[in-house]
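The values are calculated or read from the model by the stated rules, or taken from the named source; none is laboratory data. Note that this is a predicted model, so its numbers are computed, not measured. We place every Cβ from the backbone using ideal geometry, glycine too, and count neighbours over all the protein chains shown.
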């Protein structure tokens, strides 16, 4: 099986991680490095995809500064999302072979669904929407959610990717483990008003630790994409 190197980067600012993605993607495109998966957390950050609507930023510049939120416009698909401590961000860098952009996104969703099942949470895909979702009967467990939102599917992981001209992927997924969920109030997440956002901490008796989640995600990633993973 081909190798995928797992890089655990801890807490790292968005620009540094973006620069690293670009550098590693160049090496992968030239055949100088195997596929890689970056697993990390960001400080409080809002990122907007290339087709995002600036109106989906709710907080004022003053509020952003007060709360220490950095804002970036990036070259991935999708609209606006939040990154912060307590959220596992994954950036897969690999050459897509025999798979198109949409198939890749669907595979990322299935990979996260597998990892979440092993962590004790049932999740799935939602027709017409990107990301990983929990159905209303599961979302109803969320103690901080509004009563009307407990009757709706809720998003637990966001996905936004880029595939460059050489077929190498960048950006990836953000899985909510136990972040400060009030930061999602600063945006209209993914430009979707009608569905809530939840975390593992909202839905399980106790949230799994970051190290455990990383292990399950790395394991599911290797199984889904056909890689032997190594640190």
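Taking (1) within 21 Å of residue 192 (Cα to Cα); (2) touching a helix residue (DSSP H, G or I) at 6+ places or on another chain (Cβ under 8 Å); (3) in a loop (DSSP other than H, G, I, E, B) in turn, residue 121 satisfies each apart from (1). Quick check on my filter: what residues within segment 208-231 are in contact with a strand residue (DSSP E or B) (Cβ under 7 Å, 6 or more places away or on another chain) and assigned to a loop (DSSP other than H, G, I, E, B)? Listed by number, the residues that qualify are 227, 231. Scanning segment 196-231 for residues that are in contact with a helix residue (DSSP H, G or I) (Cβ under 8 Å, 6 or more places away or on another chain) and without any contact (Cβ under 8 Å) to a residue 60 or more places away in the chain, we see that the one that is farthest from residue 142 (Cα to Cα) is 207. Every condition in (1) assigned to a strand (DSSP E or B); (2) in contact with a helix residue (DSSP H, G or I) (Cβ under 9 Å, 6 or more places away or on another chain); (3) buried (at least 17 other Cβ atoms within 10 Å of the Cβ) holds for residue 174 except the one numbered (2). At least 3 residues being surrounded by fewer than 20 Cβ atoms within 10 Å (Cβ to Cβ) is the threshold, and among the strands (runs of 3 or more DSSP E) wholly inside segment 23-92 those reaching it are 70-73.
Return yes or no: is residue 205 part of a loop (DSSP other than H, G, I, E, B) and surrounded by fewer than 16 Cβ atoms within 10 Å (Cβ to Cβ)? Against the criterion (part of a loop (DSSP other than H, G, I, E, B) and surrounded by fewer than 16 Cβ atoms within 10 Å (Cβ to Cβ)), residue 205 qualifies. Evaluate segment 143-165: report whether one residue or more is surrounded by 15 or more Cβ atoms within 10 Å (Cβ to Cβ), modelled with pLDDT of 95 or more, out of contact with any strand residue (DSSP E or B) (no Cβ under 7 Å at 6 or more places or on another chain) and farther than 30 Å from residue 32 by Cα. Checking segment 143-165: not a single residue is surrounded by 15 or more Cβ atoms within 10 Å (Cβ to Cβ), modelled with pLDDT of 95 or more, out of contact with any strand residue (DSSP E or B) (no Cβ under 7 Å at 6 or more places or on another chain) and farther than 30 Å from residue 32 by Cα. Determine if segment 135-150 includes at least one residue that is farther than 30 Å from residue 28 by Cα, touching a residue at least 12 places away in the same chain (Cβ under 8 Å) and assigned to a strand (DSSP E or B). No; the residues of segment 135-150 include none that is farther than 30 Å from residue 28 by Cα, touching a residue at least 12 places away in the same chain (Cβ under 8 Å) and assigned to a strand (DSSP E or B).
Checked against (1) under 22 Å from residue 8 (Cβ atoms); (2) assigned to a helix (DSSP H, G or I), residue 169 passes all but a single condition, namely (2). Being surrounded by fewer than 18 Cβ atoms within 10 Å (Cβ to Cβ) and in contact with a helix residue (DSSP H, G or I) (Cβ under 7 Å, 6 or more places away or on another chain) is a property that residue 140 has. Scanning segment 117-132 for residues being touching a residue at least 24 places away in the same chain (Cβ under 8 Å) and within 23 Å of residue 80 (Cβ to Cβ) gives a total of 6. All conditions in (1) surrounded by fewer than 20 Cβ atoms within 10 Å (Cβ to Cβ); (2) under 18 Å from residue 160 (Cα atoms); (3) touching a residue at least 60 places away in the same chain (Cβ under 8 Å) hold for residue 8, with the sole exception of (2).
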